[in-house]
Amino acid sequence: MLIRIGYKIKKFLLGKQGNDGIIFKLVVYGLLISIGFVYVYPILFMISQSFKSLDDLLDPTVQWLPKSLHMDNFFKAWVVLDFMKSFGASLLNSVLPALAQTISCALVGYGFAKFAFPGKNVMFALILMTFIIPVQVVMIPLFLLFQQYGMLGSPLPFVIPALFAGGIKSALFILIYTQFFRTIPKSLEESAQLDGAGALKTFFRIILPISVPAIVVVFLFSLVWHWNETYTTSLYLGDSMSTLPVMLQQFDLSFSQNYSSSQVSGQKVNINESIKLAGTVLIILPLLILYLFAQKWFVEVVDKTGITGE
């Protein structure tokens, strides 16, 4: 009787295999909640602070929940960022390169995954090595090259390399595609060849339609990295256009130009932490919405490639 009770208690705490009991679940859920909190905490803090008025910021009793939602922070940040103009520049300098990179890297990854040619392994290793080379090493030669061809001040310095499977993080995208295409059964391609389809027709008609998870993940990663890029964007675009992250870098100066000399309700307007964080929320909001609709594809591509991205 005691043995049976002890067995039931052990089964309840540890489970049948030792990995499905209450203790195991508590440990796993505890780790997941802790890790999730580390990532979510900065976002929650930023959103909470962005709605605070200056009085709430100075009040030590107000921690997470402001006394009232101070929407004026977002109105000021919208003006300082020149949001619509900067948003259009951000889309132009991130969506176009992301689309080009998604297509070109897919072709290269398919070639490495499905074809055998001399020097394949060496070439693949060299491509992966470019992932660890800091962009600062090649920044000056690229700037001089783009200047010589008259591409500065436009999205071309980002679009042209992306068309040829180059640009930001292309090596990682080629690796993702290569690993994903290797999981596709070869019988699908053989069936297409029996029907008279060539390599390109097989790729566009058979492979791409079933590779939506990898395509979405690569496009999102490329879009986010191009969106967040500030150093090369400032270097290549100059004063011709400013993206949202670049405007955020100049937030204090832009705010002083817009508000320091003006008065609202008879009082001088000064910048504070809530207005800065409101501007940050406006910048990351499009990316958060994009991730919200595309999150289901991340699990599938990670399961098939074993790559988690950054």
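Each residue in region 49-99 was checked for being small (Gly, Ala, Ser) and free of Cβ contacts under 8 Å to residues at least 40 places away in the same chain, and 2 pass.
Looking across Pro213, Pro155, Pro185, one residue alone is assigned by TED's automatic domain parsing to the domain that holds Met123 and without any contact (Cβ under 8 Å) to a residue 40 or more places away in the chain. It is Pro185.
Condition check ((1) polar (S, T, N, Q); (2) over 24 Å from the mean Cα position of the chain (by Cα)) across all residues:
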residue	(1), (2)
Asp59	no, yes
Ser68	yes, yes
Trp78	no, no
Pro97	no, no
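Could you pull out the residue among Ile33, Ile127, Ile103 that is over 18 Å from the mean Cα position of the chain (by Cα), assigned to a helix (DSSP H, G or I) and assigned by TED's automatic domain parsing to the domain that holds Gly167?
The match here is Ile127.
Scanning region 110-138 for residues that are of a type in the set (Val, Ile, Thr), exposed (fewer than 10 other Cβ atoms within 10 Å of the Cβ) and closer than 17 Å to Gly167 by Cα returns Ile132, Val137.
For region 245-254, the count of residues that are in the same structural domain as Val159 (by TED's automatic domain parsing), hydroxyl-bearing (Ser, Thr, Tyr), at pLDDT 70 or above and within 16 Å of the chain's Cα centre (by Cα) is zero. State which residue is surrounded by the fewest Cβ atoms within 10 Å (Cβ to Cβ) when the search covers only region 74-103 and only residues that are among the polar types (S, T, N, Q) and closer than 19 Å to Ser154 by Cβ. Among those that are among the polar types (S, T, N, Q) and closer than 19 Å to Ser154 by Cβ, it is Ser86.
The values are calculated or read from the model by the stated rules, or taken from the named source; none is laboratory data. A quick note: this is a predicted structure, and the numbers were derived from the prediction, not measured. A quick note on method: Cβ atoms are made from the backbone with ideal geometry, for glycine too, and the neighbour counts reach across all protein chains shown.
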